[in-house]
Structures are given as C-alpha cells and as structure tokens.
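**Student:** A single structure is presented below for examination.
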Amino acid sequence: MASMDADRGSDDTRRQAPVTDQHRELANQAMQEFEKGHYNQCTNTMSRLGDARATDVKVVLNRSVALFYQSNSKAIDEFRHNIQTVFNMARISPDLSEKSNLDDADYAVVYYNKAVLLYHEKQHRAALSILEKLFRYVEPIVRKFGPVSDEGLAQKVMLLLTELYLTVHQPYDALNMVQNIEKFLTGKSQNSQDKDKNESNNAAAQEALRAKLTLYKVRCNLMAKQLINKKEFKTLSGNSHPVNFAKAYHMYLRGNAKKASKMLGNPPSVQLSPSSGECLALMYTNNQALLNMALRRPSLAVCQLRDALHYNEKNSRDTVPNDKAKPPLPLSYVSQHYILLHNLGVLQLHSKQPAAAFECFVECVQVYHRNPRLWLRLAECCIMHHKEVGCRSRAAFRSNDGDREHRHKLEVVQDSIGSGFHHKLVLGQGTLSDKKSTPSSGVFPNLNLGFASFCLQNARSLLPTDPQDVEPPAQDEQSEFSPPLADPVLVSAEPCNPLRETEVANLRCSILAASAYVALCENEHYKALTFSVDLLRQPNLSPAQRYLGHMYKGEALVALDRIADGVDELNPENVTDVSTTLPEASTEQEKDQEGLAETREAIVPWSPSSVGVARALMQYNLAVAYSMRTEYGRALKALTESSERIGIPYPVQMFYLKLYLDLKQGNKKGAISLINEHFGYNSRT
C-alpha cells in the first residue's frame with residue numbers, strides 16, 4: 001500500500017519557513033497515529049501541520065496518504081489527484097524522466113506511491129517503468145540518509161519490483177531482484193547487530209520475509225520451467241495455499257497430475273483477500289480443472305472452470321454491488337474473467353468443442369493479441385470445425401475417420417436411372433465437390449478456413465526470427481568475441497507463462513503444419529508447398545509432424561503438376577515413425593528441462609497411430625499421383641496395397657479412385673463387381 005514517512009522537511013528552504021520543534025513533534029505524533037491505524041486523528045494532526053507548512057511537499061504527500069487510508073482506500077481519484085499535485089509542487093516529472101529529481105528521498109516516496117497505485121490498477125508496465133528507474137537510485141538514497149525508514153523504502157521498492165516482474169512474466173529479472181533483496185538483508189542484519197541484539201520482533205519479521213523470498217524463488221523457477229535446482233522446492237515450508245499451489249504446479253510440470261491434484265489440499269472459502277484482491281477458491285478451482293483435463297476428465301474439467309467463472313462473477317458483484325459503490329483500491333480490479341475464459345477455451349478445444357472454444361478465444365484475443373499461441377488456437381478451432389462439418393458421427397470426428405462414415409459411402413452412387421439394358425448409375429462428384437476454387441476471406445471472426453489462414457498469418461508474424469534464417473557468425477568472430485552468458489530469451493504468451501526457446505521452436509512447427517493444411521484446403525498450393533518445405537527444415541520436428549510435412553509437400557507438388565517430385569516425396573518406405581514424441585535434448589539447457597509436462601503422453605490421441613496405417617495413407621496419395629501420370633497399373637497396385645493395410649470400412653476416396661481406375665483401364669466387370677459388393681446395386685454384366 002502507499003508509503004508514509006516521518007517529516008524531515010524539504011530542501012527548498014527559500015520558499016518556506018524552517019522546521020521548528022513544534023513541527024517535528026506534530027510530524028512524529030502523526031506517524032505514531034498512522035502506525036496504530038488511527039487515521040482520523042492522523043488526518044487531523046497532518047491538517048494542523050499542513051496549515052503551518054502548506055508548501056512542504058512531504059507534508060502534502062503524507063496528508064494525502066493519511067486521507068487515503070482514512071477513506072478505507074476508496075478515495076482513489078482524490079489520491080491520484082493529490083499525487084499529481086505533489087509532482088507539480090516539486091516540479092518533477094511524473095514518469096521519472098529527470099534523473100536529478102531523486103537527490104531527495106522524499107521524491108522517491110512519491111514515485112513509489114504512484115507505482116503502488118498503478119500496480120493495483122493493473123497498469124503493470126507503467127508501474128514497472130517507474131520502479132526500474134527508481135531502483136537505480138535507491139541504494140544512493142539509503143547511503144545518504146541512512147534512517148530505517150529509507151531502508152524500509154528500498155526493501156518495499158525491491159519487493160514490489162519482484163512482484164511486478166512475476167506479473168509481467170519476467171522470471172529471470174524477478175530472480176535477480178530476489179538476490180538483490182537477500183544481499184540487502186544480509187548487509188542490514190550485520191549493521192543491526194551492533195545497534196540492538198534484542199529485537200525479537202524484527203527477527204521474526206526477517207524470518208517471514210526470507211520465507212517469502214523462498215516462495216518467490218520457487219515461483220521464478222516454475223515460471224521459467226527450471227526444475228533442475230530442487231533446493232528451493234525442498235525448503236518450502238508451511239501448509240498455506242500459496243505454498244500448496246507452488247508444490248502442485250511443480251509436480252504438474254514433472255508430469256504427475258494425480259499427485260499434483262492431491263497436493264492442492266482442501267478447497268478454501270470463497271472470499272476475497274482484502275489486501276491483495278485474490279480469491280483462493282477461484283485459483284483452487286481453476287487449478288483442479290486443468291489437472292482434471294490432464295487426467296483425461298474433460299467434462300469435469302469444463303464444469304469446474306465454469307464454477308471458477310461463477311466465483312469470479314460473484315466476487316465482482318460483491319465488490320461493486322451498484323454503480324455508486326466504490327470498492328477499496330486492492331478490490332477495484334479483482335476480475336480474472338479473461339484468464340479463466342482463455343483456460344475454458346483450451347479445455348473446450350481439447351474436448352472437441354470447437355464452436356464453444358472459438359467464442360472464448362475471440363473474446364480473449366482482444367486482450368492478449370500479442371500471444372502467437374492464442375492465434376494458433378483460434379485457427380485450430382476453425383480447422384476442427386471444418387472437419388466436424390463432414391462428420392455426423394462423434395466417434396468418427398474424434399478418431400479422424402470421418403471419411404469412413406456410411407453416409408459418405410452412400411454418396412458414391414447418387415442415383416439409378418432406367419432399367420434392364422438401359423440401367424445406368426449416376427456416380428457422385430467426390431468428397432471435395434463443395435470445395436471452393438478460390439480462397440475465402442477471413443478478416444472477420446468466423447469458423448471457416450479463411451479466418452484460420454488469417455489467424456495463422458498473425459501467429460507467424462508474432463514469432464521471433466527463425467534461427468534457420470540467421471547466418472551464424474564467422475569462425476574468426478566467434479573466437480574474438482565471447483559475450484558473457486545471458487539469461488535465456490523468453491517469448492511472451494500472456495496470460496500463460498512465457499515460452500522458452502524450445503517451446504517457441506515447437507510452436508513454430510505446429511503453426512507451419514496448420515498453415516500448410518489450410519493452404520491445401522484453400523487451393524493455395526504454392527503457399528502449401530512453401531509452408532511444408534519450411535516445416536521440414538525445422539530441427540525440432542516430431543515424427544508425426546515430419547510425416548505431415550512430407551504428405552503436405554507431396555500433395556502440393558502433385559497439385560502443381562510436379563508429379564515426379566511428388567512421387568518421390570510420397571514414398572511410403574520413408575515413414576518409419578509417427579509418434580508425437582519430441583526429439584531428444586541436444587543442448588545443456590534443453591537437458592535441464594527434461595521431464596516437463598510437454599513430454600507426457602498427448603491428452604488427445606493422434607491418428608494415424610501406427611506406422612502401417614500411416615504408410616497406407618501415404619500409399620493412397622501415391623496411387624493418386626500415379627493415376628494423374630496415367631500409370632494406371634501402378635496406381636491400382638498401390639491402391640490395393642493401401643486398402644489392405646487400412647482395412648474395413650474403407651475411406652470413401654478409395655471407392656472413387658478404384659472406380660476411376662477400373663473405368664480408365666476398361667475393366668467394366670471390376671467396376672460392376674465393386675458396385676454390387678459394396679453398394680447393393682445389381683447391374684448387368
């Protein structure tokens with residue numbers, strides 16, 4: 001909360017009377033009343049002091065803080081106005097652009113109070129900008145003035161900086177700040193031993209602060225997904241909910257969701273913390289929902305997350321029951337609506353509910369528009385809906401076998417005309433008869449592939465430069481210049497934790513694979529070829545993604561009439577693995593990250609799940625390529641081998657291709673036999 005300090009007067013003695021003993025007595029009295037929580041008496045005392053020293057910046061600031069506390073932290077607009085008045089009186093910049101302004105510690109308190117106000121108003125970047133500049137001058141201020149109050153200010157600045165770094169997902173900066181606090185406390189304890197060795201209360205406070213710093217370290221390591229250092233995790237003590245949440249998250253990252261669920265403990269009461277505005281019940285329910293999703297309980301997870309949204313709405317209503325009510329500053333911005341909505345969208349997407357997930361993501365992307373993974377999620381909703389439209393069976397949709405549905409089989413023979421010798425059958429136009437010849441527009445949010453293409457374009461633009469496009473420095477430059485090791489670069493993905501380098505590489509592969517698929521569906525074959533080539537040169541490809549890359553590249557080449565190249569790309573013998581397991585760690589940093597959640601078995605099983613079926617699907621595409629090159633014999637052989645591996649029921653595309661090949665080769669009996677066997681029509685031989 002805002003900071004108040006004993007009055008020492010201002011350095012600008014040319015415009016105000018000197019500080020008298022009576023003024024100092026009033027200032028000390030006001031400070032004592034403030035520390036006891038007697039804010040009414042403190043305000044009256046500060047008003048008397050303000051009448052005598054109306055132009056003293058410190059007096060005006062302390063009186064503003066006292067009035068703010070007297071209003072139960074509800075007079076936010078008045079406090080903001082008073083802080084601006086202090087800036088005007090002191091002739092200092094509100095954004096700390098003038099370095100000379102910090103020659104007086106009084107001004108540092110003003111900036112700290114403004115940062116606290118911005119922090120509670122969720123303007124974290126603005127507060128961080130002020131405190132980062134202020135931190136450069138905190139240590140000189142302490143050395144210059146020396147009293148405990150300034151040491152307390154320095155400690156408050158560093159603690160708030162740590163919290164802000166974690167809030168904006170900068171764990172390495174937060175960890176560096178924790179180390180600064182520990183050095184500060186070490187020096188402070190050494191100095192206090194000579195002054196007073198009997199301060200038991202101070203020792204207890206120091207112990208509580210060190211426990212808080214330990215929790216900060218754990219949070220930093222969890223956010224950065226640095227699990228190799230287990231020392232901080234073992235030193236976590238207590239059974240509070242924040243400690244339990246940290247332990248459960250650590251176990252979740254290790255892949256043991258069942259144990260993590262037990263570590264969360266019992267559900268807390270649905271109450272807001274008056275100091276932080278946090279609702280532990282909301283956090284608990286959200287965490288349980290995500291763990292249940294990891295344990296493959298999607299329906300329960302979605303219900304729990306909707307309960308969390310209900311808690312959030314209830315807290316918002318209780319905090320501001322009507323338009324005239326003014327909640328305290330810590331309770332003014334308690335809503336976690338967009339974070340919960342994002343999580344709900346992820347759960348619904350994994351539960352194969354693309355339309356519901358799309359509505360959540362469309363609302364979230366207006367807030368978190370710099371998150372490349374969120375744009376990918378929107379595209380995945382559109383792709384899933386595109387597949388869902390062709391599947392009436394829920395089981396077929398879930399197993400990626402929509403083309404095996406009986407209704408598609410019935411569309412192969414659409415009609416029967418005539419009788420006897422003139423009996424004719426009318427064949428369907430194929431599964432892609434309704435496919436658009438030109439790409440669809442996707443500027444406006446809609447569940448179609450055009451909007452998916454737009455989302456994927458945004459996702460690609462938000463990714464950092466591909467390391468494959470960066471030329472490595474020359475050997476001479478590498479030997480001459482050896483820069484010091486820096487913290488790993490993290491990519492923001494709010495509201496989630498930032499992405500590490502390996503996670504960015506994996507995300508790039510997923511975006512390129514989805515881009516190639518959408519481009520093929522939209523008949524943009526040059527784009528599909530470009531995306532698939534870019535996908536195949538990525539070093540972190542999983543076997544399943546490599547399989548898709550070759551498949552999409554081969555299809556694009558065949559569509560571009562580069563059939564010879566397409567045939568080489570569609571060689572089934574090159575398919576040796578279709579698992580979703582990521583390649584083994586190659587660098588020391590990647591090895592430190594082993595055992596994280598992404599190495600677990602996928603929540604949604606991938607299809608095709610076996611190498612045999614994957615080769616059969618590749619062989620079908622190879623048969624299509626042969627038929628386009630008029631090599632009907634080789635095409636029929638490849639199709640026969642493919643159908644034997646895939647098994648019954650056959651995908652409907654195989655019936656179309658078999659009929660096409662039989663008719664092209666003049667095998668009328670073979671075509672009639674296929675129709676009689678699979679479609680129940682008795683045709684003349």
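**Student:** From largest accessible area down, sort Thr20, Thr319; use a 1.4 Å probe on the protein chains.
**Tutor:** Thr20, Thr319
**Student:** Hey, what do the phi angles of region 531-544 turn into as Karplus ³J(HN,Hα) couplings, whole Hz, using 6.51/-1.76/1.60 and θ = phi - 60°, x for Gly and Pro?
**Tutor:** Along region 531-544, the couplings run 5, 5, 5, 5, 5, 6, 8, 6, x, 9, 6, 7, x, 5 Hz.
**Student:** How do Arg297, Arg53, Arg136 rank by accessible surface area computed with a 1.4 Å probe, from largest to smallest?
**Tutor:** I get Arg136, Arg297, Arg53, largest accessible area first.
**Student:** When all protein chains stay in place, what accessible area (Å², nearest 10, 1.4 Å probe) is found for Lys217?
**Tutor:** Here the accessible area works out near 40 Å².
**Student:** Rolling a 1.4 Å sphere over the protein heavy atoms, what is the accessible area per residue of region 15-134, to the nearest Å²?
**Tutor:** With all protein chains present, region 15-134 gives 47 Å² per residue.
**Student:** Strictly over 22 Å apart at the Cα level, which of Lys637/Lys658; Lys314/Lys352; Lys212/Lys258; Lys247/Lys314 would you flag in this model?
**Tutor:** In this structure, Lys314/Lys352; Lys212/Lys258; Lys247/Lys314 exceed 22 Å between Cα atoms.
**Student:** Mind listing the phi-derived Karplus ³J(HN,Hα) values for region 165-170, rounded to whole Hz, using 6.51, -1.76 and 1.60 with θ = phi - 60°, and x for any glycine or proline?
**Tutor:** Coupling constants for region 165-170: 4, 5, 5, 8, 6, 10 Hz.
**Student:** Distance in nm between label sites at Tyr333 and Ser461, each 7 Å beyond Cα in the beta-carbon direction?
**Tutor:** 2.7
**Student:** From the cross-link list Lys424/Lys668; Lys36/Lys156; Lys122/Lys156; Lys36/Lys133; Lys230/Lys262, which pairs have alpha carbons spaced over 23 Å apart?
**Tutor:** Cα-Cα > 23 Å for Lys36/Lys133; rest within.
**Student:** Report the calculated FRET efficiency for Asn266 and Ala356 (r = Cβ-Cβ distance, R0 = 30 Å), to the nearest 0.05.
**Tutor:** According to the calculation, E is roughly 0.45.
**Student:** If DNA, RNA and ligands are ignored and the probe is 1.4 Å, what is the ranking of His124, His422, His310 by accessible area, most exposed first?
**Tutor:** The residues order as His422, His310, His124, largest area first.
**Student:** Any idea what diffusion coefficient region 236-333 gets from Stokes-Einstein, in µm²/s, Kirkwood Rh on alpha carbon pairs, 25 °C, 0.890 mPa s?
**Tutor:** Here the translational diffusion coefficient equals 169 µm²/s.
**Student:** When the Kirkwood radius is taken over all Cα pairs of region 522-564, what Stokes-Einstein diffusion coefficient follows at 37 °C and 0.692 mPa s, in µm²/s?
**Tutor:** Estimated via Stokes-Einstein, D reaches 316 µm²/s.
**Student:** Let me ask you something else. To the nearest 10 Å², what's Arg508's accessible area with a 1.4 Å probe?
**Tutor:** Here the accessible area works out near 30 Å².
**Student:** For region 287-382, treating each Cα as an identical point scatterer without solvent, what Debye log10 I(q)/I(0) comes out at q = 0.11, 0.21, 0.24 1/Å?
**Tutor:** Taken in order of the listed q values, log10 I(q)/I(0) reads -0.38, -1.01, -1.16.
**Student:** For a quick check of understanding: with a 1.4 angstrom probe and all protein chains in place, what accessible area in square angstrom does Cys496 have, to the nearest ten?
**Tutor:** 30
The values are calculated or read from the model by the stated rules, or taken from the named source; none is laboratory data. Just so we're clear, the structure is a prediction, and the values are computed from it rather than from any experiment. No Cβ is skipped: glycine too gets one built from the backbone with ideal geometry, and neighbour counts run over all protein chains shown. All accessible areas refer to the heavy atoms of the entire protein, side chains included, with ligands and DNA or RNA removed. Shrake-Rupley method; radii C 1.70, N 1.55, O 1.52, S 1.80 Å.
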